[in-house]
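Here is the structure we will look at.
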Amino acid sequence: MKKVLLGTVSAIAIFMIASCGGGTSDNKGAAVTPPPSAAAPAAGTEAGAAVYKRTCIACHQTDGGGVAGTFPPLAKSDFIADREQTITQVIKGKSGEVTVNGTKYNNVMPPQALSEDDIAAVLTYVYSNFGNTGAAVTVAEVKAVREKIK
């Protein structure tokens, strides 16, 4: 009974994919790569989004806008232009005054207990979202900064 049910479900799934244009070949049988969705995240940013949601969102908010007068924005932030400074801040934290986009903030960002992979992922997410245009952060970059600031 289970084999018949599994076979039926599989056949229906294959039929639905084929009839909905979900196949990966053209009408001549050649493989076709579907175009990327405009809404698809940049490569590697899904992991970064997950880290952001569990680590950064409380202070920097869903849109990266921060909290006026309290937590600086990551959105269109001039502060993150200095990649080494940004990586260092995630690793070591920071207290005291910082100026972001011309506004002074004086608060504490605690060091984040994140792996090099998580730091690279979350900063890649930040650099590719919120109106920012920075390149992906590599694990090698994070390791190099961590070694330098020991």
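The values are calculated or read from the model by the stated rules, or taken from the named source; none is laboratory data. Quantities reported herein were computed from a predicted structural model and do not represent experimental measurements. Don't worry about glycine lacking a Cβ; one is built from the backbone with ideal geometry, like all the others, and counts go over all protein chains shown.
For region 121-137, which positions are surrounded by 14 or more Cβ atoms within 10 Å (Cβ to Cβ) and among the β-branched types (Val, Ile, Thr)? Break it down into steps so the answer makes sense when it comes.
We begin by selecting, within region 121-137, every residue surrounded by 14 or more Cβ atoms within 10 Å (Cβ to Cβ); these are 121-130, 132, 134, 136-137.
Within region 121-137, Val122, Thr124, Val126, Val137 meet the criteria.
Condition check ((1) buried (at least 16 other Cβ atoms within 10 Å of the Cβ); (2) of a type outside the set (Lys, Arg); (3) modelled with pLDDT of 95 or more; (4) not in a loop (DSSP other than H, G, I, E, B)) across all residues:
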position	(1), (2), (3), (4)
Val4	no, yes, no, yes
Val9	no, yes, no, yes
Ala39	no, yes, no, no
Ile91	yes, yes, yes, yes
Ile119	yes, yes, yes, yes
Count of region 57-74 residues which are out of contact with any strand residue (DSSP E or B) (no Cβ under 7 Å at 6 or more places or on another chain) and part of a loop (DSSP other than H, G, I, E, B): 8
Residue in region 118-140 that is more than 20 Å from Thr62 (Cα to Cα) and of a type in the set (Asp, Glu) present: no
Which numbered condition Ser77 misses (of (1) modelled with pLDDT under 95; (2) in contact with a strand residue (DSSP E or B) (Cβ under 6 Å, 6 or more places away or on another chain)): (1)
Out of Glu141, Glu97, sole residue that is free of Cβ contacts under 8 Å to residues at least 12 places away in the same chain and either closer than 22 Å to Val67 by Cβ or surrounded by 16 or more Cβ atoms within 10 Å (Cβ to Cβ) (or both): Glu97
Residue within region 126-135 that is in contact (Cβ under 8 Å) with a residue 60 or more places away in the chain and among the aliphatic types (A, V, I, L, M) present: yes
